[in-house]
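Trainee: The structure that follows is given in the form of structure tokens.
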Amino acid sequence: MSAAAPQEDGARPAATSPAAGERELAGSEGEPQRKIGLGTATSLVVASMIGTGVFTTTGLVLQSLPSSALVLLCWAIGGLAALCGALAYAELGAALPGNGGEYYYLSRLLHPLLGFLSAWASLVVGFAAPLAAIALAFGSYLEAVVPGTPPRVAGAALLVGLSTVHVWRVSAGARLQNVLTLGKVALIAGFVALGAAQGGLGRVLEPAERSAPVATPASFALGLLLVSFAYTGWNAASYVAGEVERPARTLPRALALGTFGVMVLYLALNVVFLASAPLVELRGVLPIGHVAATHLLGPVGGKVLSTVVLLGLLSTVSAIIVTGPRVYEAVGRDFPRLAWLSRRTREGGPWVAIVLQAVLALSMMLTAGFAALLTYVGFILAIFGALTVSCTFVLRRRGLAMPFRALGHPVPALIYLGLMVWMVASAIVERPVVALAGLGTIVAGLVAYLLSGQPRMPLVTARRPRPGGPEGSWQLDSVMSEAKVQSEADARSNSPSARSG
């Protein structure tokens, strides 16, 4: 059965196969070209996930949970949620292989407003602010390794340098991303091996001390919300689906392999952290990785871990520069007033979107100190992640062609949705300020949507047999915006054939 792909502008005939959809989305100047293979797509997932979160989260989770076993269970469930979400995104990316991730799927399957709000949240919450914080952290770690290095200058230089590479040439950025990610994973694996040999693994099985907090469903959900931030990035490959080679095969593999690999690495790393020292010395500690390394390897351990984290931050910044601008570029293709966001060169990335993200992140670096990432990041991303995963049910209800189907559906999607609803509800009850901040972000996005004009995208509604086509061939029905329909009618009326008639 052939797969149908949606169109970026609705003016051309719908594609009837993955190959046709890929050809349509690539090749012309100013449009994405499919140059990202399985290795780069997987490395984007890995690099986007492994940042500062895994090196800072466990100490905070220990404030809510009393024992190592519960902490590891929290990390395992967080990984399971990410894996279930990755399977759902694989279905969506294979069926609708375009850039933009949540924005692309929500816009075409539910409503342009929901897609725009997710893109707004991605710009402010999902990419620019964490990018600024990670760049500042990079400067701080570099100062620890090379004393006298100004942290803000180093962070700004990193942002400008990597943004320039990704503007210049997509293939060069992909090669750099692969090298950085392989180096990061190798160093973390080496640290895990050394830590396992030096640490007291028996500590992981010890019961909680009397002064430990009491575990409740609400405290476990809040711990899971913290852990979910460390897992953020499992959907990275979906943001560049419009530039992935053979997306029906490559996207599911990249999302599943990258997410599962990071889940295993996170569990191993946390076993080492929890085995490094008594829990009372780790509870509430933000730089838990540094404390663990010092206990396990002595003063040299701090230097070793700083190098590992430094490379990890470098890789994560590069991954965000790859993925984030593809969302804004997709918005520019759909909203005429924002068309400037979609400008790109034939060999390079979406340069206007990359520059916009870099400028926003640089301004945040210069005007604010990011001692911690925004507390509502996990809250906002959980909401839009749940909405996006729900689109897998829309695919089936509308009978759209699906080149990839997740094994066991709807179980993975329901697991993900249940966990997200639980986390969001617990955050609203336990952290109402977080909910208010999230509401404010959404309201600001609504205002921006109203100012952005009428979108010109198709809303994918159904699949039907192609008249006169071979058996088993299909085409998409789409409901386009009124402005788009009118513009196409005007174009037809002004065509040479119309005038001659």
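Trainee: Expected output is a single nm value to one decimal: the length gained when fully extending between VAL146 and GLN454, i.e. 0.36 nm times separation in residues minus the C-alpha distance. What is it? Mind showing how you got there, number by number?
Mentor: On the way: separation 308, 0.36 × 308 = 110.88 nm, distance 5.13 nm.
Value of the extension gain: 105.7 nm.
Trainee: Provide LEU182, LEU187, LEU62 ordered by accessible surface of protein heavy atoms (probe 1.4 Å), highest first. If you can, show how the numbers build up before the last one.
Mentor: Values: LEU182 130, LEU187 70, LEU62 0 Å².
Output order, biggest surface exposure first: LEU182, LEU187, LEU62.
Trainee: Can you pull the one-decimal nm distance between simple spin-label points at ALA193 and LEU73, each 7 Å off the Cα toward Cβ?
Mentor: Simple spin-label model gives 3.3 nm for this pair.
Trainee: Mind giving me the nanometre distance, one decimal, between the label points for VAL355 and LEU182, set 7 Å out from Cα along Cα→Cβ?
Mentor: With each label point 7 Å from Cα toward Cβ, the separation is 3.4 nm.
Trainee: Turning to a different aspect of this structure: So what's segment 258-349 giving for Cα Rg divided by 2.2 N^0.38 Å, two decimals? Working shown, then result.
Mentor: Numbers: Rg = 20.2 Å, N = 92, 2.2 N^0.38 = 12.3 Å.
Working it through for segment 258-349, the quotient is 1.64.
Trainee: Can you list residues whose amide H is under 5 Å from THR149's amide H, if they're 5+ apart or on another chain and H is modeled 1.01 Å from N?
Mentor: Result for THR149 returns nothing.
Trainee: State, to one decimal in nm, how far the label point of PHE393 lies from the label point of ARG203, with both points 7 Å from Cα in the Cβ direction.
Mentor: Inter-label distance under the simple model: 4.5 nm.
The values are calculated or read from the model by the stated rules, or taken from the named source; none is laboratory data. Only a predicted model underlies this, so the values are computations on that prediction, with no experimental measurement involved. Note that we place each Cβ from the backbone using ideal geometry, even for glycine, and neighbour counts take in every protein chain shown. Quick note on the areas: whole protein, heavy atoms, side chains included, nothing else; ligands and nucleic acids left out. Shrake-Rupley method; radii C 1.70, N 1.55, O 1.52, S 1.80 Å.
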